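Every number here is computed from the coordinates shown, using simple stated rules; none is lab data. Note that this is a predicted model, so its numbers are computed, not measured. For neighbour counting, all protein chains shown are included, and Cβ atoms are generated from backbone atoms with ideal geometry for every residue, glycine included.
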Amino acid sequence: MKSNTKEMIQYGSAILMIVSAIVLVFFSFALTLAIGNGVLAYVGEAFGSALMIFGIVNYFRSQFNDFKADCNKVLDEVKREAKHETQTEENS
């Protein structure tokens, strides 16, 4: 399995939920000239779930990138301190 298979499945299911909601509304209106409460409830749930998937994925990705940047800062600082210490020991 590829490394991004999980994300593709999440994005695919979110897009599928949005498309299914749009198709359901279209057929409901085309057949009955009205949109019932059940259809509206499904549309709300489908859009809410899909937007939640997109939001959660982006949130965790940004948090991971922030964590990675913080770790790199700390590592660079430790390297500078170690280099400074070795230089002061050599000069002594």
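Mind running the shape call on region 28-68? Use the C-alpha gyration tensor, a ≥ b ≥ c as the square roots of the eigenvalues: rounded below 1.5 for a/c, prolate if a/b tops b/c, oblate otherwise. Walk me through the numbers before you get to the answer.
Values: a/c = 9.00, a/b = 5.05, b/c = 1.78.
The shape class here is prolate.
Among [x] 25.6, 90; [y] 12.5, 42; [z] 28.9, 75, which is the computed Rg and Dmax of the Cα atoms in Å? Identified label for the calculated read-out: [x]. Comparing V25, V43, V78 in a Gaussian network model of the chain where C-alpha atoms under 10 Å apart are linked, the largest mean-square fluctuation is found at V78. Considering only L31, L16, L40, the Gaussian network model of the chain with Cα springs below 10 Å gives its largest mean-square fluctuation to L31. Helix 5-32 axis versus longest C-alpha principal axis of the chain: approximately 20°, rounded to the nearest ten.
Residues of region 13-42 falling in the label zone of L51, defined by backbone nitrogen less than 13 Å from a point 7 Å along Cα to beta-carbon, are 18.
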